[in-house]
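Right, one structure below, let's go through it.
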Amino acid sequence: MRALVAVVAVLPLVLVPMAQAAPSGSIDTPCLRMGSPVRVLAHVTPTCVQFHADIAVHAPLPTSTTAYGYLEGAMGAVHTFHSVYGSITVANGVGAKIINNVSLSARLLVRATIAAGEVTAVEPWLYITDTAVTSVYADKQITGRAMALAPPVGVPASMWMRIAFAQRAKEVVGRIVNYQRGVKAHGSCHPAMLTAGTAAFVRQTLGSHGDFTVSWSPAMHAPGDSEVVLQTSRGPSYMTRGPVLSEIISGPWAPAEVSFVIHGNPVGTIAELKGSVGPRTTVVPCS
């Protein structure tokens with residue numbers, strides 16, 4: 001899909017300008033990779049499966065009658081249309097089906113029709129898929145530490161850990177490379193997490209194989225609660241903050257540092273997986 005770039009015109013009502021600049025007018029596609037269209041509220045809607053590196057989603061420039069952005073507000077209440085150029089009040093009832101579906105409104109960018117200083121109509125313009133968010137981790141690794149709250153006697157409160165991620169079909173998966181064997185990094189040997197003294201505890205808190213599936217929940221507990229989830233094969237899940245629509249239309253989204261916190265946090269379990277995100281490197285076992 002190739003978006004048409006209109007001549008720039010000032011919106012009739014720009015109330016709350018956002019801090020970051022919008023993308024330039026040379027727009028080929030909204031996202032780096034586009035997926036198969038889906039039907040959203042009876043509209044055939046393009047899908048985003050991988051973000052651009054500079055500004056995650058490239059929206060066409062606005063005109064005096066059309067703008068691209070997202071809806072925000074509570075069910076049954078007056079809500080607002082936001083773009084990188086500003087925010088405009090939405091006419092009563094417009095976009096209600098989107099706002100009333102919390103998960104949909106958290107992943108859907110819309111085309112807004114503007115008249116007499118307010119949004120008078122909206123239609124789905126771009127659907128952000130889970131893949132667009134999770135693919136940020138594909139072929140990357142997290143190097144850091146797994147930190148426990150009140151670990152059992154003999155189990156360290158902090159263990160070195162490296163998670164390698166890969167794209168498998170339509171999902172991103174991860175595995176702890178030093179789960180069962182020691183590996184080298186920067187000239188040092190880092191021991192396996194699964195040892196005679198730690199095996200029961202580590203299996204309970206990080207699954208039976210030290211592997212994960214990666215998913216995105218755009219509104220896990222409430223609107224705006226965007227979370228990327230690491231689900232262990234057998235055991236708890238861990239979450240870190242995911243992108244919200246205001247971020248992906250105004251700047252890049254590719255985290256360099258992450259902190260995955262256990263979901264539910266029972267006392268005594270590993271509570272946080274924390275580290276830096278970088279290109280995946282070769283696994284070198286300790287000799």
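The values are calculated or read from the model by the stated rules, or taken from the named source; none is laboratory data. Everything numeric in this text was worked out from a predicted model, so none of it was measured. Note that we place each Cβ from the backbone using ideal geometry, even for glycine, and neighbour counts take in every protein chain shown.
For this structure, a couple of remarks:
- Within region 92-107, being aliphatic (A, V, I, L, M) and either modelled with pLDDT of 95 or more or under 19 Å from residue 217 (Cα atoms) (or both) holds for 98, 99, 102, 104, 106.
- Filter pass, residue 18 being surrounded by fewer than 19 Cβ atoms within 10 Å (Cβ to Cβ) and either part of a strand (DSSP E or B) or at pLDDT 90 or above (or both): no
- Members of region 43-68 that are hydrophobic (A, V, I, L, M, F, W, C), within 19 Å of residue 130 (Cβ to Cβ) and surrounded by fewer than 23 Cβ atoms within 10 Å (Cβ to Cβ): 49
- Cβ pairs under 6 Å, 6+ apart, first in region 69-91 and over 20 Å from residue 219 (Cβ atoms), second small (Gly, Ala, Ser) and at pLDDT below 90: 84/22
- Residues in region 253-279 that are touching a residue at least 60 places away in the same chain (Cβ under 8 Å) and surrounded by fewer than 16 Cβ atoms within 10 Å (Cβ to Cβ): 254, 265, 267, 268, 276, 278, 279.
So that you can scan it fast, the table gives a plain yes or no per residue for (1) in the same structural domain as residue 225 (by TED's automatic domain parsing); (2) modelled with pLDDT under 95; (3) over 23 Å from residue 30 (Cα atoms):
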site: 47; (1), (2), (3): no, no, no
site: 62; (1), (2), (3): no, yes, no
site: 86; (1), (2), (3): no, yes, no
site: 109; (1), (2), (3): no, no, no
site: 120; (1), (2), (3): no, no, yes
site: 123; (1), (2), (3): no, no, no
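- Any hit, region 217-224, residues being modelled with pLDDT under 90, hydrophobic (A, V, I, L, M, F, W, C) and crowded, with 16+ Cβ neighbours inside 10 Å: no
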